[in-house]
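Everything on this sheet refers to the single structure shown next.
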Amino acid sequence: MSELIQLLPKAELHMHIEGSLEPELMFKLAKRNGIELPYASIDELKALYNFNNLQEFLDIYYQGCSVLQTEQDFYDLAWAYLEKAKQDHVVHTEIFYDPQSHTDRGIPFETAINGLYRAFDDGQQQLGISFHIIACFLRHLPEQDALDLYPKILKHQDKILGIGLDSSEMGHPPEKYQQVFAQARKDGFKVVAHAGEEGPADYVKQAIDLLQVDRIDHGNRCLDDDILTAQIAKADLALTVCPLSNLKLKVVKSLQEHPIKLMLRKGLMATINSDDPAYFGGYINENFLQLAEAVNLSDSDIITLIENSFKASFLPKSIIDIHLQTLHSI
Ligand code: ADE
Ligand code: ZN
């Protein structure tokens, strides 16, 4: 089982680059930039990684972002992730970043995107990992903030493939962001949104009907609505599922109770992803491994989930076919 997971090439479709900031790198960058963290040590910080819900995690995640100051910091962050991705045999990654969590601290928009893009471009050349970057709007902020930022994202469309929606879900339904998503679609961006992580099935429905998303991030709670679930399955609208995140943020009580098998049984195009691996206890292979053990995934389930990762990616169909062929030749 673990050999199969390690052996197979895979795509990762739901990974926040800021969520790959390991405590060691956080302290190193804090020192480099003369920033005082509110934790005396790495151990003190790690002891806080015990979350009861999404918000408790986000408070620490945004605090961690404060150490990211220069283009080189963003480069180093992305490179550290790429090295882990390479070890896990990731051959394509579609990463999220949160521009507002940097611009709102006075970091120019260009600093983050240029550092990230340069690292991923180097990763493509040196490690053979292809990539797409998705810029997410923070849904706890007003839509007007997203509309104000949008021209910057458009200006960098050569580096940014898609628009996403993340941060605190409850009380911030997708309907709040219809205008900026409509504009992004018109301009040719792919669009995705976190929905149904903590929020109800209706938020998933809104993401589909009102934002017209190309993919749903998490989507767990769609299972509360049979009609919606059938509709998502029929439309082949993928879910980017994040098992260890679901466990750490108490979306599921235990990994044994994770609904991944139910999702597959219902014909949903589920994929496995790491979300915020530095905070949730593991990168993509660790997500596969722990989930496979907890719910007893078969080899065929694992292959389906990995096939889905390519099918649900925003790669051109011809490249997807090549990845699927490679996968089946192993
Ligand atoms: N930002 C980073 N990780 C997130 C998650 N799991 N849900 C919502 N926003 C996030
Ligand atoms: Zn996420």
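Determine the order of ARG139, ARG105 by accessible area, beginning with the largest, at a probe radius of 1.4 Å.
Working: ARG139 0, ARG105 80 Å².
The most accessible residue leads, giving ARG105, ARG139.
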(request) Kindly sort HIS89, HIS102 by accessible area of their heavy atoms, largest first, with the probe set to 1.4 Å. (result) HIS89, HIS102
(request) Set Lys and Arg Cβ to +1 and Asp and Glu Cβ to -1, take the dipole of the chain about its Cα centre, and tell me which of ALA312, HIS140, LEU297 lies farthest positive. (result) ALA312
(request) Starting from the Cα of ASP59, step 7 Å along the direction of its Cβ; do the same at ALA235; then give the gap between the two resulting points in nm. (result) 3.5 nm
(request) Under 29 Å Cα to Cα from LYS186, which lysines show up? Leave out anything in the same chain fewer than 8 places away. (result) LYS152, LYS155, LYS159, LYS176, LYS205, LYS234, LYS311, LYS317
(request) Please give, to one decimal in nm, the separation of the simple spin-label points placed at GLU44 and SER2, each 7 Å out from Cα toward the Cβ. (result) 3.5 nm
(message) Rolling a 1.4 angstrom probe over the protein chains, ignoring ligands and nucleic acids, what is the accessible area of SER329 in square angstrom, nearest 10?
(response) 90 Å²
(request) Please express the Cα-Cα pair-distance distribution P(r) of region 2-329 as a list of whole percents, one per 10 Å bin, running from 0 to the bin with the greatest distance. (result) 6, 28, 38, 24, 5, 0
(message) Let me spell out the model: positive unit charges on the Cβ of Lys and Arg, negative unit charges on the Cβ of Asp and Glu, origin at the Cα centre of region 189-322. What dipole size does that give, in debye rounded to 20?
(response) 120 debye
(request) Working with all protein chains in place, sort SER167, SER298 by solvent-accessible area computed with a 1.4 Å probe, largest first. (result) SER298, SER167
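On a full-extension model of 0.36 nm per residue, what is the gain between ALA182 and GLN124, subtracting their alpha-carbon distance, rounded to one decimal in nm? Present the calculation step by step, with values, prior to reporting the outcome.
Details: separation 58, 0.36 × 58 = 20.88 nm, distance 3.10 nm.
Additional length available on full extension: 17.8 nm.
The values are calculated or read from the model by the stated rules, or taken from the named source; none is laboratory data. Source: prediction; values computed, not measured. A quick note on method: Cβ atoms are made from the backbone with ideal geometry, for glycine too, and the neighbour counts reach across all protein chains shown. The area values use the complete protein model at the heavy-atom level, side chains included, leaving out ligands, DNA and RNA. Shrake-Rupley method; radii C 1.70, N 1.55, O 1.52, S 1.80 Å.
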